[in-house]
Each structure stands twice: as structure tokens, then as C-alpha cells.
1. Enumerate the lysines that Lys255 could reach by cross-link, defined here as Cα to Cα under 23 Å, with residues fewer than 8 away along the same chain left out.
2. In whole percent, how big is the carbon plus sulfur part of the accessible area of the chain, probe 1.4 Å, protein atoms only?
3. Loop-only chymotrypsin sites (Phe, Trp or Tyr not before Pro) in region 299-389, please: DSSP not H, G, I, E or B, and at most 13 other Cβ atoms within 10 Å.
4. How many Å² of accessible area per residue for region 14-132, probe 1.4 Å?
5. I'd like the per residue volume of the convex hull spanned by the Cα atoms of region 27-80, given in cubic angstrom.
6. Once the convex hull of the C-alpha atoms of the chain is built, how many Å³ does it hold per residue, rounded to a whole number?
7. Determine the gain in length on full extension of the stretch Glu254-Glu304; use 0.36 nm per residue of separation and subtract their C-alpha separation, reporting nm with one decimal.
8. Can you compute the modelled spin-label distance between Leu275 and Glu96, with each label point 7 Å from Cα toward Cβ, in nm?
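The values are calculated or read from the model by the stated rules, or taken from the named source; none is laboratory data. Predicted model, so just to flag it, every value in this text is computed and none were measured. Cβ coordinates were reconstructed from backbone atoms using ideal geometry, including for glycine residues, and neighbour counts include every protein chain displayed. Each accessible area value is taken on the protein alone, full model and side chains, heavy atoms only, with ligands, DNA and RNA left out. Shrake-Rupley method; radii C 1.70, N 1.55, O 1.52, S 1.80 Å.
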Amino acid sequence: MKRANPLLEKLQEVLPKIAENAAEAEQLRTPPEESIRLLREIKFFRAFQPKKYGGLEISLPEFTDCVAALAGACGGTAWGGSLLATHSHQMAMFSEKAQEEFWGDNPDATASSSIAPFGKTEETEGGVIFNGDMRWSSGCDHADWAILGFNRMDSEGNKVYCFGVVPRSEYTIIDDWYAAGMKSSGTKTLVLKDVFIPEHRIETAKGMMEGKSAGFGLYPDSDIFYTPYRPYFACGFAAISLGIAERMLEVFKEKQQNRVRAYTGANVGASTPALMRLAESTHQVFAARAMLEKTWEDHKEHGERKEYPTRETLAYWRTNQAYAVKMCIESVDRLFDAMGGQSWFLDNEGQRLFRDSHMTGAHAYTDYDVCKQILGREIMGLEPDPTMV
């Protein structure tokens, strides 16, 4: 039996308007201001924010239900918006000083990110000097800060993957997001030139995955912060894929119900092939949701037990989500293939769902070719391949 989800109930009230804005969002190539305002008003971006700053601290299953529902209205808004929300979970692992700078004067503050370690840094007193063109920063138009990835060397000369937090005033956004899928996500490039990042706004990825970051333990009464950062950061990708696939089931039924062939007048929606495609895709989407819900519930239960996941558990968490994305994409493709020539027009919702669906499988975290190798090595008791991140 599903638990009550107050945030989802509030979201359902604004989803019709966000869906109405989906075409405009694609033209703007970023979530419209109105859609962001509506999400802010229901505290969507505060889902994983510490209660100390007015956050909700809801569970991962509650949040992913919201993201899936939002993706059914507008995939790109869900992509950019979910990341603005999940970054609050990551921020709660930074130092208390960094969090106070981030939320102290503006509890509504959010961050976008560009976490691949493309940034170049130079060590300096009290921190690093950062330079780089940081791509793939979804939702950045609506963010107050950015979380950026870079490598620095430790005392033994080893490369250490790190994150630094930078305020909006210290980087420039380049409007270069011209993509076939997730057009409305606003996934642009951040340009930084000689930006100083102090040590209290720097954490290692390893520390955030192992409960060793400066912010670990600041919220002992909270379940969601006794968890690695990455599963929370990445949860939206699979939830969005699921929401898009669930919406595609509805669109297919709506379009096919009264569809007739132009040359013969035959009722396409009642034809055996259409019914078979719908049935198989429905089963596939149901299976994807069941798998994801079980995985997300496991995340939640680990936090409640104050138990950090094992390497094997982390491998399953990640690869389960990637496999679910694979199923969702297949289910969408099966239906789109049978929707006819009209479905390719840009004002047809089906083609947007098709494009956005494929983008959910293009992220490094959901690349199933990578995930198959990660899980296969784990099942066989082999050490992880460091090239498989």
C-alpha cells in the first residue's frame, strides 16, 4: 500500500500548467520561469534540503514518485528541476560553513552542476584557483550556485576526484544547448576563469560516498543524510525515464483509439498488432516501476538503519536503475514505431516523448553497456574496473 505523499499531492495540482508549458519549454531550451516558480512554491526543490533551512527531508521513494509524475508533464523540466533538488542532498555533505553560505541568506537557493572532472585547478593558499568550460549543467539558468568536478593531487601524488561549490556571480553561462532530446532541460556550459574556491567549499567524491565528508553527522536525526551522495544525485534519471514511458502508454492509447488508416479506413487502434504492442510495453513499464520501487525502497531502508551500503549493494542500485531505463526506452520505441507519420510532427507529444526517452539512457550513470560490466565483475567477485565509473 502506497504511503501518503504530500509533495506529490501538491505537484499534481500544478502539473497541468507545466504540461501546457512543455512546448514553450522546448522553444526556450530551458524550463520556463513559470514552471520553476510553480515547483518552488510547492517546495519541490526543498525535497532533500535539511530541515534546519526549511527543507522537507522526504524519502527517496517519495521524491522519485514526484519526478516520474513531473516527467510525464515535461521531461526536460523534470531533468533540470530534479537535479536542482537532488543537489541539496549533496550540499548537506559539505562543511557547515559552506552550507551557511549557500542557504543562510537564501533558504530557497539551489545548485546546478557539472561534475565530470574537466576543471583545471591550481593549488593556492586556502583553496584552489579553478578554470574550465564546464558542460552539461542542467537547469543552470535557475540556479544560484554550481557544484563542479575536478581532480587534485594528494600528498602522495595520487589523483583525487573532488567537487567545489561556486556562486552564480563567479561564472558565465554559455547558451549552447542545441540537442535532439531533453531540449527543455537548459543543459548549458558554465565558463570559469581564475575563480578561487576555498577549502571549506571543497569535498572529495570518495568522502561523500563513504560518510567521511565534512558535513557527515551534522544531521543525526535525519535518515536521508546517512547515505552516499551518488544514488540520490542520480535517482532522477531513471525516474524520468519511467515517467516518460508511463505517459507514452497514455498517449498511445489516446492516439490509437480513434485512429484510422488514410487509404483503407481501417481502425488501427483495435488491430491485433497495436493491441500486442500496447500489452508488451505495458508489462515492460510495470516491470520497470516494480524494479525501481524495490531499489529505491532499499535506499530508504539503509538510511533508516544507519547502514552504509556494501560495494555489491551499490552495484545493484546503479545497474538496476540502468536496466529499468533500458526497458522504458524499449517500451517507448515499440509504441512510437506504430504511431504513424503524424507522430513525427513537432506538435505531436509522441515524438517529444520518444526523443526525451532516449536521452535518459545517454547519461554516464544509465549507460547499460557500462553497467553490465560493473555488475558482471561484482557477481564474479572481481575487483571493480576503475575505468567503469
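1. Correct list for Lys255: Lys17.
2. Percent of accessible area from carbon and sulfur atoms in the chain: 53.
3. Counting only loop positions with at most 13 other Cβ atoms within 10 Å, the chymotrypsin sites (Phe, Trp or Tyr not before Pro) in region 299-389 are Phe345.
4. Accessible area per residue: 34 Å².
5. 77 Å³
6. For the chain, the hull spanned by Cα atoms encloses 142 Å³ per residue.
7. 13.8 nm
8. 6.6 nm
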